[in-house]
Amino acid sequence: MRHDHLITSKQLSRGDIETVLDYAAEIDADPSAVADRHADTLLGLLFFEPSTRTKMSFETAMKRLGGDVVDMGSVDSSSVKKGETLADTVRVIEGYTDGLVLRHPKQGAATMASEFVDVPLVNAGDGAGHHPTQTMLDLYTIRENAGLDDLTIGIMGDLKYGRTVHSLAYALTNFDAQQHFISPESLQLPREVVYDLHQQQDGTGIKEHDSLEGVLPSLDVLYVTRIQRERFPDENEYQKVAGEYQIDAETLAAASDELTVMHPLPRVDEIAPEIDETHHAAYFEQAHNGVPVRMALLDLLLSDDTRIGGDSNE
Amino acid sequence: MSDDHDHHDGNDDHELRVSKIRDGTVIDHVHGGQALNVLAILGIDGTEGEEVSVGMNVPSDRLARKDIVKVEGRELSQDEVDVLSLIAPDATINIVRDYDVVEKHRVERPDIVEGVLSCPNAGCITTGDEPVTSRFSVLEDGVRCSYCGTIVRDEIASLIDT
């Protein structure tokens, strides 16, 4: 059995994750070995929301595997503007391509779309839902810098709407990881996610905080996310809250020397530029890891590879 | 036993507010006030000519006040009635033929309910114009949208897709 689609990190076992990360490391070490793996493969990119990194790294990954992409372009220039349903769009584009990558503003969009197509479909973000390929590159970066077991990680910022956070938190329950969630009260993890984390783990690995201060010294990894202005009804409230969840060199004085700082990017002012040049900063490396990790995922999904166990349709 | 479905709470005939049916289904021990939701879940709105009797807030031994719904001429299957467990967990189902109760059973919680509830999350793909049937998995203490993952524990009746 294998995964036909990659919709959420919840569907992935520890074995699945390790298979992808090991393969990504192999590709990272010698990309030329897979340069012709998918010479006749066309990947359809359907991005109903703006994206730079995710879209470009999928495109790069497919091309580095020898294939190519066809891109729906922006929603404004597509038939979606004429009122076409997502179900129709994916059924049409699947006829042109060997696989689909979908980003959509609605939660559950990838789950629904996958019910209408036979080619592999990869969720590249569905509203506030999931973003499993970002998770895989996050895990890859964590493994390289701090290791995935015996890990203490702080995840800070917008935990309510941050799909990268939800996906990462689910995936980390497969490992011996203590997860500290740091956010203003209004942007705490959705209760659904907390419920799931407790279902997957006994809850002892999960703690919620409203401040970084107490927990910072114990962290191996600090994963920072952007608090978006539009989540707050007024500018003052945003400024007040956002300021408490920004980090600079002074903040990190209390951290372990070994601390790895990550961010899914784009950042605005959550991480002061002065941290970029320190050995703590791993966010650009993290973004670069998107290519080998997505190459590994695409190759495994498009090759009918049986190495990722389980079946997402069951 | 011909009028069993009217007497199992020990009510006397003078308290009988809902007429007996000849053939069909009696849904009894519905929590007071939920009868119209029972009909909504079953998709019965009277437009197809069904003969339906409803008793609301009838005195009951088991529940202080209960609703009772009688549908003439239609025997509801276990699958059809199990979804009622979400709003009427104590409901009993009586299948009546020629005024006799020939089958009597409880509702059981299903694993999945499809096409009955609508997701309250405005950001869920099922709330748009997509050709998709709503699907919820049934948890111990609520329901969960199979698409966006939203969990609803209270006021499930308010999600009934009418």
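The values are calculated or read from the model by the stated rules, or taken from the named source; none is laboratory data. On a predicted model such as this, the values are computed, not experimentally measured, just so you know. Cβ coordinates were reconstructed from backbone atoms using ideal geometry, including for glycine residues, and neighbour counts include every protein chain displayed.
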Being without any contact (Cβ under 8 Å) to a residue 40 or more places away in the chain and part of a strand (DSSP E or B), is that true of even one residue in the range A:43-62?
no
Within the range B:147-161, which residues are within 7 Å of another protein chain (Cβ to nearest Cβ) and either part of a loop (DSSP other than H, G, I, E, B) or of a type in the set (Asp, Glu) (or both)?
B:TYR147, B:CYS148, B:GLY149, B:THR150
Whichever residue in the range A:95-126 is farther than 22 Å from A:ASP76 by Cβ and of a type in the set (A, V, I, L, M) and, among such residues, is farthest from the other protein chains (Cβ to nearest Cβ)
A:VAL119
When only residues in the range B:114-137 that are in a strand (DSSP E or B) and touching a Leu at 6+ places or on another chain (Cβ under 7 Å) count, which is farthest from the other protein chains (Cβ to nearest Cβ)?
B:LEU117
From A:LEU216, A:LEU189, grab the single residue that is within 21 Å of the chain's Cα centre (by Cα) and of a type outside the set (Gly, Ala, Ser).
A:LEU189
The condition from (1) more than 9 Å from every other protein chain (Cβ to nearest Cβ); (2) at positive phi; (3) touching a Phe, Trp or Tyr at 6+ places or on another chain (Cβ under 6 Å) that A:GLY73 misses is numbered (3)
Give the residue that is nearest to the chain's Cα centre (by Cα), with candidates limited to residues of the range A:79-88 that are surrounded by fewer than 23 Cβ atoms within 10 Å (Cβ to Cβ) and either at pLDDT 95 or above or at negative phi (or both).
A:ALA87
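Considering only the range A:234-249, state which residues are charged (D, E, K, R) and modelled with pLDDT under 95.
Result: A:ASP234, A:GLU235, A:GLU237, A:LYS240, A:GLU244.
Going residue by residue through the range A:262-283, is there one that turns out to be farther than 21 Å from A:ARG37 by Cα, in contact (Cβ under 8 Å) with a residue 60 or more places away in the chain and over 22 Å from the mean Cα position of the chain (by Cα)?
no
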A:LEU102 without any contact (Cβ under 8 Å) to a residue 60 or more places away in the chain, under 17 Å from the mean Cα position of the chain (by Cα) and crowded, with 20+ Cβ neighbours inside 10 Å
yes
Sole exception among (1) within 22 Å of A:ALA296 (Cβ to Cβ); (2) crowded, with 17+ Cβ neighbours inside 10 Å for A:ILE93, by number:
(1)
Identify, from the list B:GLU103, B:GLU108, B:GLU80, B:GLU75, the residue that is out of contact with any Leu (no Cβ under 6 Å at 6 or more places or on another chain), surrounded by fewer than 17 Cβ atoms within 10 Å (Cβ to Cβ) and assigned to a strand (DSSP E or B).
B:GLU103
Between A:GLY66, A:GLY73, which is at pLDDT 95 or above, in a loop (DSSP other than H, G, I, E, B) and surrounded by fewer than 15 Cβ atoms within 10 Å (Cβ to Cβ)?
A:GLY66
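In the range B:41-66, which residues are within 17 Å of B:VAL107 (Cβ to Cβ), in contact (Cβ under 8 Å) with a residue 24 or more places away in the chain and either outside the structural domain of B:LYS20 (by TED's automatic domain parsing) or not in a helix (DSSP H, G or I) (or both)? Explain how you work it out, then say what you get.
Of the range B:41-66, the ones within 17 Å of B:VAL107 (Cβ to Cβ) are B:41-44, B:60, B:62-63, B:66.
Within this subset, residues satisfying the condition of being in contact (Cβ under 8 Å) with a residue 24 or more places away in the chain are B:41-42, B:44, B:60, B:62-63, B:66.
Passing the criteria: B:ILE44, B:SER60, B:ARG62, B:LEU63, B:LYS66.
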Restricted to the range B:1-19 and to residues being surrounded by 16 or more Cβ atoms within 10 Å (Cβ to Cβ) and outside any helix (DSSP H, G or I), the residue modelled with the highest pLDDT is B:VAL18
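Run down B:VAL26, B:VAL69, B:VAL38 and say which single residue is assigned to a helix (DSSP H, G or I) and touching a helix residue (DSSP H, G or I) at 6+ places or on another chain (Cβ under 9 Å). Talk me through it step by step, then tell me what you get.
Working: B:VAL26 fails: assigned to a helix (DSSP H, G or I); B:VAL69 fails: assigned to a helix (DSSP H, G or I).
Exactly one of B:VAL26, B:VAL69, B:VAL38 is assigned to a helix (DSSP H, G or I) and touching a helix residue (DSSP H, G or I) at 6+ places or on another chain (Cβ under 9 Å), namely B:VAL38.
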For A:GLY162, indicate whether it is of a type outside the set (Phe, Trp, Tyr), at pLDDT 95 or above and under 28 Å from A:PRO292 (Cβ atoms).
no
For the range A:110-147, enumerate the residues that are over 16 Å from the mean Cα position of the chain (by Cα) and not polar (S, T, N, Q).
A:MET112, A:ALA113, A:GLU115, A:PHE116, A:VAL117, A:ASP118, A:VAL119, A:PRO120, A:GLU144, A:ALA146, A:GLY147
Quick check on the range B:131-144. Is at least one of its residues in contact with a strand residue (DSSP E or B) (Cβ under 6 Å, 6 or more places away or on another chain), modelled with pLDDT under 95 and farther than 18 Å from B:ALA40 by Cβ?
yes
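So if I check each of A:GLY108, A:GLY127, which one is at pLDDT 95 or above and either among the acidic types (Asp, Glu) or touching a Phe, Trp or Tyr at 6+ places or on another chain (Cβ under 9 Å) (or both)?
Result of the check over A:GLY108, A:GLY127: A:GLY108.
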Just checking, how many residues over the range A:250-295 are charged (D, E, K, R), surrounded by 15 or more Cβ atoms within 10 Å (Cβ to Cβ) and outside any helix (DSSP H, G or I)?
2
